[in-house]
Structures are given as C-alpha cells and as structure tokens.
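Peer 1: I have a structure I would like to understand better, so I am pasting it below and will then ask my questions one at a time.
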Amino acid sequence: MPLSLEEVRRIAELARIGVGDAEVRAVQAQLNAIFEMIGGMQKVDTEGIAPMTHAQGRSLRLREDKVTEESQREQLLSVAPQREQGLYLVPKVIE
Amino acid sequence: MLNASLKDLSAALAQRKISSVALTQLFLGRVAELNGALNAFITVDAEKSLAQARAADERIAKAAAQPLTGIPVAHKDIFVTKGWLTTCGSKILSNFVGPYDAHVIERFNAAGAVILGKTNMDEFAMGSSSETSFYGPVKNPWGRECVPGGSSGGSAAAVAARMTPAATGTDTGGSIRQPAALSGLSGLKPTYGLVSRYGMIVFASSLDQGGPMAKSAEDLALLLNVMAGFDARDSTSIDHPAENYTRDLEKPLAGLRIGVPKEHFGAGLSADVGKAVEAALAQLEKLGARRVPVGLPSSGLSVPAYYVIAPAEASSNLSRFDGVRYGHRAKEYRDLADMYRRTRAEGFGAEVRRRILIGTYVLSHGYYDAYYLKAQRIRRLIANDFAEAFKRCDLVIGPTSPTVAFKIGAKAADPVQMYLNDIYTIPANLAGLPGMSIPCGFGKDNLPVGLHIVGNYFSEAKMLNLAHQYQKATNWHKREPAGIQP
C-alpha cells in the first residue's frame, strides 16, 4: 500500500532522520517504488511456515555472569565529539 | 610479483628473494600509481604498513613465519582498525579513527600479514555498485566507465588491478561475490557464523559475513584459514572445529553432483552471461562432475524478502549513529532530538536513509506481521529449497550476476533496478549458506563473468576443491585488465 506524505514524515521522525519539505515527495516516490517490489511477497501463502531468524536454528549463546571486560573508557571516549569529565556531552535533556 | 599467488609470495619471502618491506613498497607503489584513476582505496598509510612489514621480516628471519606473514592485504573500510581511519564509506564516520581492532584484523595481524590500506565501498555496505560511497565511486579496472560491483568494490578493483595480492570484503546480499564476478576475481562468503563479526561495522546482523577476495581459489583457502574461527565476542560466532581449507583442493571431481537451478537461468539472465556459465558447466562435466537439475522454487521471493529483512535490521543497527559517542555530529541544533535529526540527515547518504526508513516502517506497530514476519517465513522457504536441493546434489551452480558490469550511473536513479543485481546471490545469505564466485569467461564489451557456487553449511572445502580444479583446467582467473601494467 502506498505511503502518504504524513506517513513518510512519521517514519522519518521515528528514525530520527530529518527529511525536509523539499525532499519528502521524492522520498515518498522512491519508498513507494520499493514497497511495490516488496509487495511481491504477498504472492505466496506462508500459512503454517515458521519464521526463520537464524540460518541453522541456533539460539543465542549464554555465558557465565562473570566480569571479563577491562575498562577502556579513555580509549573509547577519545573518539567522542564532545566530552567532559569522563562523560559524553549532549544538549540538555532534563529541564 | 604482481601476479604471483599467495603461496608463491610466501615462498619468495621465505627464500629471501624479496623482503616484506620491498613487497609492501611494490604494492604501495601500485596504489599510488592507480588509485587516482580507480578510487579503490580510501586510506593508505605507508608508515604503518612498512612498520608491520619490518616486523614481518624479523619474523621470517627467525623462521617463525606463517603462510601469510609479510604479505600485504587490503581491508574493506568496514573493519574497525586500531589507529586507522575507518569510515564505512560514510560521511558519518569520516572522522572515526578505530579505537580497537576487529577480530578479522587481529587474526591477520597475528598471522603477520601487512595492512596495505582500507578500501572503498558502498556506504554502510548498502549497494551493488560501490557508487554510494561518500568518497566517490570506484571504477572497474576492466572498463573504467563501469562499476566494479558492490558493496566490496574497492577490494575487488584493488585485486583486479594488482594493487594488492589479496583483500577482505563483506557479504550481506552478495557484496563479495557480485563484485568478484564483475571485476574478474574469486571471492567467498563463508557459512554464517564462521567468521567473527566483532569489529565489522554492522549492516544486517543475521546476514553479514566477512570473507576473502583474491585471484584464485587456492588463495581464498589460505585467507579463509586466517579469517575463520570462533570468537566469544561475537554472539553469533559458531564454535566450529578448526579446518584447513586447503586440504581438499586436489581432490578429483569425479562423481561430484552439481545442481543447476532452472530458476537462475530464466528471463532475467543476460545471454552473454548465460553462455559463459553454460560453457563452465560443460567444463566441470569434462572434469568429472555430474549435472543434476534442481529446483529453487522460492527464488523469486528472495529479493522482496531480503529488502524487508536487511533494511529492518539496518534501521535498528544504524540507530547507534547519533552524534553522541563517535562520528559526525551536526554543528547546529536546537535540542537533542534536533541534533539526532540533523546529524543523521547530514551524515547518511540517500540509499542509507532510504533503507533505514523502509526498515523503520516494516518494524513499526501494525506492520511487523505483514512485512518482517512474512519475510522471515519466506526465508525459511528459501532455506528449505536448498535443503531439498542438497539431498540431490553436492553444490548448486549458476550465474553470480544477471549481467556483466554496467556503466556508472546507469542504475543509480532506480533503486529497484539496482536491487535486482543481487537476485542470484541473496538466497545464500538468507539461508546462511556459503557462496563463492570465480571467473568463468567474458561477456559484452569484454567484461568478466562470474560463476556462482553455493554449498551446504560448512562445505567451504568442497567448494574450494571444485573451484581449484576448474582453475587448473582454465585460465579465466589469470587474465588481467588491459592498461594496468607497463
């Protein structure tokens, strides 16, 4: 089903990607073309088929709840756009 | 030296015919000479490479070398590399210097190989042409107005143009195999879970696999020996017993059953590609393999299912790029939400934004069942098709790509047209099966054609055996593009 401009804006907001008024129509057209291709999935009846999430049906490996990691705080902070006193700096969230 | 196999390079190093430093300088020279025209590399750092080469020479002198010690390898810029810029072909990581090494990089370092540089790619591995990179398109050494394929196009062009003896790539929907086919080299996507994804910047968690790209199956086997192996830091890594992937290369093909799926020889296949693949099948029969018709009836659903699953997983995975902890951050913003919106709108290219939006929609409330769940059911049908086929054959063989390399810009305006390039490669990713492409001839405009080989889970040694025997009887993999050597 084709997306409306309103829906395009809604999913852009969910994805936190700014889509300007100038480009929203073009994005809508491209997405709708892709959804038309995806619509081909409806051609087949998949009633009763179990969804497959992993190639060999394995589930996530668990491990012992023991601390094995070393702190790499300085190294990981070194690539941060803005930091202060060992913390990542972002615009104020809490009023 | 430029055309030497990895085995021969290793022997030359061991016999001190050449040092790793000299070998590395040779290939650095090739990069300097050709990268302006081909744009295969994003980052080169001679100082770092030569430091590794010197260490390798010391190791060789102490007779402590392994098969890849001292040999330069180019890495797709998707593998986080400590101290090296790692961009994933994106503006959003254009300032990101790796704070650690990916598992694959660690393995190559431990083996004593030399990092030659980081290769260009479609942004976040989303593409089949290497045109969407923030750093500009990669050119196909076989025809510089053509694409090399994608998303591992930089690695493909680098091997094809003899700028590097070997390279790494990643494959989510065909991104090792399709560029290998379009650029005339050999490439392998391992069984899902065989190669650790730790430090391999994620696109689609259930589909991504890192793998080798080189001039021959024999080379791929040596590279896979280094790359494969359990890693506890990758929760999807499989604890499969270690194998020597060269062990079955010399086995005769007599009695090997090759399954040929009729669905991969239908309307979408270009005649020139079909002709080269048919000739390859005939050659394999001459070598003793037995052709068996098989059906992959759900094949036609693989592209729609993939373009639900991969974007869905990407939308979740790429939410980490928000300007907070690393990468690009917008310069101006009103508040946190605005910072996210601008950072991501500025930092991501159009194809990446499209796929994130598709993925966000198909996972959103009310649409999950109709899209994501439906696609995962189709995924099981596709895996079941292969399971049935492997009851009657050992390997499934067909064309890797529906056409030879297309012109840069020819498909960029129509995403759906671009997506159809992956029609034969995607099923193996959805099923988690290993897949390979090897050169099997030339098509229109003297551009390379690739032969696609899919094996059952963990049958890489068998696939490499077939490929190696084919390469012993043919010369397609030895051909090189015109105009790359003086």
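Peer 1: Applying the selection to the stretch B:306-356, what residues are closer than 19 Å to B:S129 by Cβ and either in contact with a strand residue (DSSP E or B) (Cβ under 8 Å, 6 or more places away or on another chain) or of a type in the set (V, I, T) (or both)?
Peer 2: If the condition is that a residue be closer than 19 Å to B:S129 by Cβ and either in contact with a strand residue (DSSP E or B) (Cβ under 8 Å, 6 or more places away or on another chain) or of a type in the set (V, I, T) (or both), then B:V352 is the only one that fits.
Peer 1: Also: Based on this model, can you work out whether B:L269 counts as buried (at least 21 other Cβ atoms within 10 Å of the Cβ) and closer than 19 Å to B:A428 by Cβ? Outline the logic, then answer.
Peer 2: On the way: buried (at least 21 other Cβ atoms within 10 Å of the Cβ): no; closer than 19 Å to B:A428 by Cβ: yes.
So B:L269 does not fit the description; no.
Peer 1: Given the criterion more than 9 Å from chain A (Cβ to nearest Cβ), surrounded by fewer than 22 Cβ atoms within 10 Å (Cβ to Cβ) and more than 30 Å from B:L464 (Cα to Cα), identify the matching residue among B:A413, B:A350.
Peer 2: Details: B:A350 fails: more than 9 Å from chain A (Cβ to nearest Cβ).
Just a single option satisfies the conditions, and that option is B:A413.
Peer 1: While we're looking at this one, here's another question. So which of B:G174, B:G229, B:G187 ends up being in a loop (DSSP other than H, G, I, E, B) and either surrounded by fewer than 24 Cβ atoms within 10 Å (Cβ to Cβ) or in contact with a Pro (Cβ under 8 Å, 6 or more places away or on another chain) (or both)?
Peer 2: B:G229
Peer 1: Could you please find all residues in the stretch B:192-219 being polar (S, T, N, Q), part of a loop (DSSP other than H, G, I, E, B) and crowded, with 24+ Cβ neighbours inside 10 Å?
Peer 2: Result: B:S196, single match.
Peer 1: How many residues does the stretch B:250-300 hold that are without any contact (Cβ under 8 Å) to a residue 12 or more places away in the chain, more than 14 Å from B:G441 (Cβ to Cβ) and of a type in the set (A, V, I, L, M, F, W, C)?
Peer 2: 1
Peer 1: Can I ask one more? I'm trying to understand the selection: among the residues of the stretch B:304-315, which are more than 7 Å from every other protein chain (Cβ to nearest Cβ) and β-branched (V, I, T)? It would help to see each step written out before you state the result.
Peer 2: Let us first name the residues in the stretch B:304-315 that are more than 7 Å from every other protein chain (Cβ to nearest Cβ), namely B:306, B:309-314.
Hit for the stretch B:304-315 is B:I309, nothing else.
Peer 1: Looking at B:G127, B:G136 in this structure, which one is in contact (Cβ under 8 Å) with a residue 24 or more places away in the chain, part of a loop (DSSP other than H, G, I, E, B), surrounded by fewer than 20 Cβ atoms within 10 Å (Cβ to Cβ) and small (G, A, S)? Step through it out loud before you land on a result.
Peer 2: On the way: B:G127 fails: surrounded by fewer than 20 Cβ atoms within 10 Å (Cβ to Cβ).
Of the residues listed, the single one that is in contact (Cβ under 8 Å) with a residue 24 or more places away in the chain, part of a loop (DSSP other than H, G, I, E, B), surrounded by fewer than 20 Cβ atoms within 10 Å (Cβ to Cβ) and small (G, A, S) is B:G136.
Peer 1: Follow-up. Taking the stretch B:324-344 only, how many residues are closer than 21 Å to B:L85 by Cα and touching a residue at least 12 places away in the same chain (Cβ under 8 Å)?
Peer 2: Count: 7.
Peer 1: Could you look through the stretch A:40-62, keep only residues that are of a type in the set (A, V, I, L, M) and closer than 23 Å to B:G300 by Cα, and pick out the one that is nearest to the chain's Cα centre (by Cα)?
Peer 2: In this case the residue turns out to be A:M52.
Peer 1: Any residue at all in the stretch A:2-20 that is β-branched (V, I, T), within 9 Å of another protein chain (Cβ to nearest Cβ) and part of a loop (DSSP other than H, G, I, E, B)?
Peer 2: yes
Peer 1: With the condition being under 24 Å from the mean Cα position of the chain (by Cα), I'd like the helices (runs of 4 or more DSSP H) fully within the stretch B:264-371 carrying at least 2 qualifying residues. I'd like the intermediate steps shown before the answer.
Peer 2: Working: elements: B:271-286, B:302-317, B:336-347, B:350-363.
Answer list for the stretch B:264-371: B:271-286, B:302-317, B:350-363.
Bear in mind these aren't lab numbers, they're just calculated from the coordinates by the rules spelled out. Note that the coordinates shown come from a computational prediction; the quantities given were computed from them, not determined experimentally. Glycine also receives a Cβ, built like all others from the backbone with ideal geometry; neighbour counts cover every protein chain displayed.
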